[in-house]
1. Report whether or not residue 265 is over 26 Å from the mean Cα position of the chain (by Cα) and closer than 30 Å to residue 16 by Cα.
2. Please find, within the range 148-167, the residue that is nearest to the ligand (Cβ to nearest atom) out of those that are surrounded by fewer than 23 Cβ atoms within 10 Å (Cβ to Cβ) and not basic (Lys, Arg).
3. Assess whether residue 67 counts as being open to solvent by less than 50 Å² (accessible area, probe 1.4 Å) and within 23 Å of residue 319 (Cα to Cα).
4. If only one of 330, 312, 319, 305 is within 15 Å of the ligand (Cβ to nearest atom) and open to solvent by 80 Å² or more (accessible area, probe 1.4 Å), which one is it?
5. Can you pull out the residues in the range 169-184 that are within 13 Å of the ligand (Cβ to nearest atom) and crowded, with 22+ Cβ neighbours inside 10 Å?
6. Return the residues of the range 45-78 that are assigned to a strand (DSSP E or B), touching an Asp or Glu at 6+ places or on another chain (Cβ under 9 Å) and within 16 Å of the ligand (Cβ to nearest atom); say none if nothing qualifies.
7. Any residue in the range 69-93 that is more than 19 Å from residue 50 (Cα to Cα) sitting within a Cβ distance under 6 Å of a residue that is of a type in the set (Val, Ile, Thr) and at pLDDT 95 or above? List the pairs, counting only those 6 or more apart or interchain.
8. Scan the range 259-314 residue by residue and report those that are closer than 18 Å to residue 167 by Cα and touching a strand residue (DSSP E or B) at 6+ places or on another chain (Cβ under 6 Å).
Amino acid sequence: MPQSNTVNRRIILNSRPVGAPTAENFRSGEIVVPVPSAGQVLLRTLYLSLDPYMRGRMSDAPSYAAPVAIGAVMVGSTISRVEASRHPAYQPGDVVLGYSGWQDYAISDGTGLTMLDARMTHPSLALGVLGMPGFTAYMGLLDIGQPKAGETVVVAAASGAVGSVVGQVAKLKGCRAVGIAGGVDKCRFVVNELGFDACIDRRSADLPRQLAVACPKGIDVYFESVGGAVFDAVLPLLNVSARVPLCGLIAHYNDTSLPQGPDRLGLLTRTLLTKRIKMQGFIIFDDYGHRYGEFYQQMSAWLAEGRIKYREDIVDGLENAPDAFIGLLEGKNFGKLVVRIAQD
Ligand SMILES: NC(=O)c1ccc[n+]([C@@H]2O[C@H](COP(=O)([O-])OP(=O)(O)OC[C@H]3O[C@@H](n4cnc5c(N)ncnc54)[C@H](OP(=O)(O)O)[C@@H]3O)[C@@H](O)[C@H]2O)c1
């Protein structure tokens with residue numbers, strides 16, 4: 001059923017996944033569209049962002065943010081249109097960035113809403129290159145990675161929302177940008193369209209050797225968002241004084257136990273010590289929220305000048321959000337994954 005004026009379709013967390021999420025972890029529900037009270041607005045979702053962090057919200061393991069309760073609507077950033085307003089700052093027709101979650105409609109008192117230009121031709125960019133993922137790439141690379149011209153920057157999930165921006169900003173700073181991505185098509189896009197110097201398929205049997213060939217002077221900045229076999233290939237190539245912004249570990253989000261095999265903690269800590277490597281985790285809005293304006297101004301200018309390119313993977317229909325999200329954790333998306341809920 002498409003979006004309607006009377007029914008609020010919702011995707012609800014049905015159960016907590018053990019390992020990779022499945023369709024059974026979600027269920028759909030319908031309620032009547034709520035009516036705003038004084039000081040509130042009714043938001044109609046146009047676009048829903050699907051992001052890897054949602055896997056963490058499906059789990060009740062300790063984390064930096066509270067889990068979604070069983071029976072609650074899945075959380076997520078959204079672009080919405082104001083349908084009705086009893087809030088002095090909003091008019092029907094306004095377009096806002098908010099956090100309505102996986103549903104057609106939501107009530108808001110304005111907290112956390114950001115007004116977008118209603119004439120914006122491409123509002124979904126506020127969920128991607130101009131939004132949280134682009135901001136993550138920008139701050140993680142520039143503030144923690146501190147790339148210098150001539151250095152080598154490596155990033156995995158290189159065709160994705162964060163990785164694609166990391167490599168392009170590295171190029172703008174005069175670095176050699178090497179991507180790692182899942183498959184030939186993604187790698188071709190990363191080099192030919194995004195302008196990276198090289199890209200290696202993460203599923204190649206000889207990933208460590210290919211990475212070494214692509215990084216003849218070693219690695220000065222490794223933007224970590226994957227972990228697993230990719231990190232194993234990167235570790236021996238890190239240079240003295242390398243920086244490792246620790247952004248994500250998507251290869252491990254479905255883990256139910258520690259990986260098999262020898263304990264390599266000693267190898268990691270010895271490498272960090274002897275090479276004086278700085279590895280720093282960050283949670284973008286907790287650590288850098290106050291710098292969003294600076295990022296937005298710079299990224300808007302780069303986009304307008306055609307110096308940063310982006311790719312979106314748009315899936316139509318709220319009902320397809322669970323499958324699309326499951327695919328994200330398997331590398332099936334190609335670019336920033338967004339669900340179009342209604343035509344804008
Ligand atoms: N710290 C923060 O504040 C923050 C903010 C935003 C995002 N992040 C993190 O940044 C990372 C990228 O997020 P994104 O939004 O840009 O996602 P994305 O790259 O658009 O999509 C996820 C990609 O991860 C890769 N992937 C999936 N499963 C994998 C596995 N088992 N092993 C290796 N790679 C796998 C796939 O790319 P390939 O097929 O190309 O390998 C997939 O397309 C995630 O780890 C996310 O949690 C952190």
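1. On the way: over 26 Å from the mean Cα position of the chain (by Cα): yes; closer than 30 Å to residue 16 by Cα: yes.
So residue 265 passes the test.
2. We begin by selecting, within the range 148-167, every residue surrounded by fewer than 23 Cβ atoms within 10 Å (Cβ to Cβ); these are 148-151.
Adding the requirement that they be not basic (Lys, Arg) leaves 149-151.
Values: 149: 25, 150: 26, 151: 21 Å.
Out of the qualifying residues, it is 151.
3. Values: open to solvent by less than 50 Å² (accessible area, probe 1.4 Å): no; within 23 Å of residue 319 (Cα to Cα): yes.
Considered against the rule, which asks whether it is open to solvent by less than 50 Å² (accessible area, probe 1.4 Å) and within 23 Å of residue 319 (Cα to Cα), residue 67 comes out as no.
4. Details: 312 fails: open to solvent by 80 Å² or more (accessible area, probe 1.4 Å); 319 fails: within 15 Å of the ligand (Cβ to nearest atom); 305 fails: within 15 Å of the ligand (Cβ to nearest atom).
Just one listed residue meets the conditions, 330.
5. Here is the first cut: in the range 169-184, the ones within 13 Å of the ligand (Cβ to nearest atom) are 179-184.
Across the range 169-184, the qualifying residues are 179, 180, 181.
6. If we filter the range 45-78 for residues that are assigned to a strand (DSSP E or B), which is where we start, we get 45-49, 73, 78.
If we keep only those that are touching an Asp or Glu at 6+ places or on another chain (Cβ under 9 Å) too, we end up with 45-47.
47 - this is the single residue of the range 45-78 that is assigned to a strand (DSSP E or B), touching an Asp or Glu at 6+ places or on another chain (Cβ under 9 Å) and within 16 Å of the ligand (Cβ to nearest atom).
7. Close Cβ pairs (under 6 Å, with a partner that is of a type in the set (Val, Ile, Thr) and at pLDDT 95 or above) amount to 82/41; 85/41; 87/41; 90/41; 90/82; 92/82.
8. 312 - this is the single residue of the range 259-314 that is closer than 18 Å to residue 167 by Cα and touching a strand residue (DSSP E or B) at 6+ places or on another chain (Cβ under 6 Å).
The values are calculated or read from the model by the stated rules, or taken from the named source; none is laboratory data. Computed from a predicted structure; not experimentally measured. All Cβ positions, glycine included, derive from the backbone under ideal geometry; neighbour counts span all protein chains shown. For accessibility, only protein heavy atoms count, side chains too; no ligands or nucleic acids. Shrake-Rupley method; radii C 1.70, N 1.55, O 1.52, S 1.80 Å.
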